[in-house]
1. Go through (1) in contact (Cβ under 8 Å) with a residue 60 or more places away in the chain; (2) assigned to a helix (DSSP H, G or I); (3) crowded, with 18+ Cβ neighbours inside 10 Å; (4) under 27 Å from the mean Cα position of the chain (by Cα) one by one and return the number of the condition residue 97 breaks.
2. Only residues that are under 18 Å from residue 15 (Cβ atoms) and more than 8 Å from the ligand (Cβ to nearest atom): list them for the stretch 46-58, please.
3. Residues 229, 242, 258: which one is at positive phi and over 23 Å from the mean Cα position of the chain (by Cα)?
4. Under 7 Å between Cβ atoms, which residue pairs at least 6 apart in sequence (or on different chains) link something in the stretch 51-66 that is under 13 Å from residue 24 (Cα atoms) and modelled with pLDDT of 95 or more with a partner that is assigned to a helix (DSSP H, G or I) and within 8 Å of the ligand (Cβ to nearest atom)?
5. Mind checking whether some residue in the stretch 382-405 is in contact with a helix residue (DSSP H, G or I) (Cβ under 9 Å, 6 or more places away or on another chain) and part of a helix (DSSP H, G or I)?
6. Quick check on this structure: which one of 377, 362, 427 is in a helix (DSSP H, G or I), surrounded by 15 or more Cβ atoms within 10 Å (Cβ to Cβ) and at pLDDT below 95?
7. Answer with yes or no whether residue 61 is part of a loop (DSSP other than H, G, I, E, B), under 24 Å from the mean Cα position of the chain (by Cα) and within 16 Å of the ligand (Cβ to nearest atom).
8. Does residue 184 count as closer than 25 Å to residue 421 by Cα, free of Cβ contacts under 8 Å to residues at least 40 places away in the same chain, within 16 Å of the ligand (Cβ to nearest atom) and part of a strand (DSSP E or B)?
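The values are calculated or read from the model by the stated rules, or taken from the named source; none is laboratory data. Since we're looking at a predicted model, the values are computed, not measured. Here Cβ is always computed from backbone atoms with ideal geometry, including for glycine, and neighbour counts include all displayed protein chains.
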Ligand code: CAA
């Protein structure tokens, strides 16, 4: 069995939007990368994309010029499979999202790949078990699902197939960590795993709304981007992911999971026209000019409510089918898609009873099975929320974490990694409450404040949530609220130390006692997302 320390060469099969991004991530982390596609022009185009992206990252000072040059030098393009995988320790496959194509590729790879090497597929939805069975190493086969664009998205879903050995999953997780990503383990090989089971139905529902004329594309994108505060509008995201990819994932879910996942006519139309998105220059939007022109104030509560209801229904199904828990779903979607809050939390905030009603009404109106309320959602609604009543050990925090790293030290971790630990009113409320808890705890004699992830201590106020608030007064209020809460640090009757690693901007630079300069290139070791066993106080919703 291949050990993580033995991995030097990673072969990436497929140089498209995911393949080139995964190759880039691996090269940036110091691995030798063999990038392979079926035609010279495809590999060249993937190589050019890596070059473009590395330049962009350097231009934005996310990496140095030298790091960009070194990474590019580690990538070798290939068309010949034998040459590409003959010396590989790990293969990551990112060819088109079709079962038959992937199976053919694996059969081919198996012939030339060293026996102990591991194969990982970047499939977005297909069965890992079924794919593994075309190889002679199903125990050394697993899923490693990256998010688009891989260089920017933090999450890697590490998926176990029916035959995958525990050691293979451990190596895949270590590799994801070495790639500077956060792995989350998915135990159940079910279509779409975790994140796509939320995102793809969300994008499909956006298309259904256009198909049935209940809203326009720009109204929906305005609601998703500026009211819900997602990093991109639903259609903008579709164009980023690739409409062909979304469509293939949906087709597969439709086939395996049933009629609820029927692709919307508007999505079919766009795919038929080969408007695949950003990568082809045209998708829902046209990318010749400045790209999507999304108005800031065209969203409605109705749109938001319908989309949240559909996501909540999916969360319910994932929980009822034991694929994941609300807390892990929230964390995965925040890291994989940059959501400001997880879908379970967003749904809880709107109120599950109201969302059940919305689904029932839409079900009656349209007669479509996708609005059938899932058992998991009904149960959660009866329990007072996905996060309601699931913990009995006190208080639940979702934006921060409290730890006790040593005797007498209380640590507050800003825990919004996907949003660079930016400050929101909810985070401030939790911070305030954490200070209450630590101040009144006799065993705590000092406070340490840190941020999760290796990019930022805190990048200041969350400007997306500010932009989405219609009232400028809310921004002023957030600033006052911040001054009051952080001001408490100065008055606390014990020493406060900030462990700053990465950006500390705006409100995130508010001095606890003294300001430390962020050190560049000083990286924290990232832990996989798992239930934490250290002390964690939780706030009941
Ligand atoms: N490499 C380098 N730079 C890139 C890039 C890449 N691959 N892609 C985009 N950029 C650049 C852009 O060109 C832009 O540069 P300019 O400002 O010069 O035009 C810049 O990055 C934008 O970055 P910013 O940080 O300024 O903007 P942002 O804060 O909006 O971040 C984003 C961009 C990280 C992509 C953010 O919009 C985001 O998180 N979007 C959500 C994406 C998402 O949900 N992905 C998951 C999709 S699901 C999936 O992939 C799974 C599947 O199987 C279908």
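1. Every condition holds for residue 97 apart from (2).
2. Answer for the stretch 46-58, where residues must be under 18 Å from residue 15 (Cβ atoms) and more than 8 Å from the ligand (Cβ to nearest atom): 46, 47, 48, 50, 51, 55.
3. Just a single option satisfies the conditions, and that option is 258.
4. 53/24; 54/24; 63/57
5. The answer is yes; a qualifying residue exists.
6. Unique residue meeting the criteria: 427.
7. yes
8. Taking the combined requirement at face value, the residue does not satisfy it.
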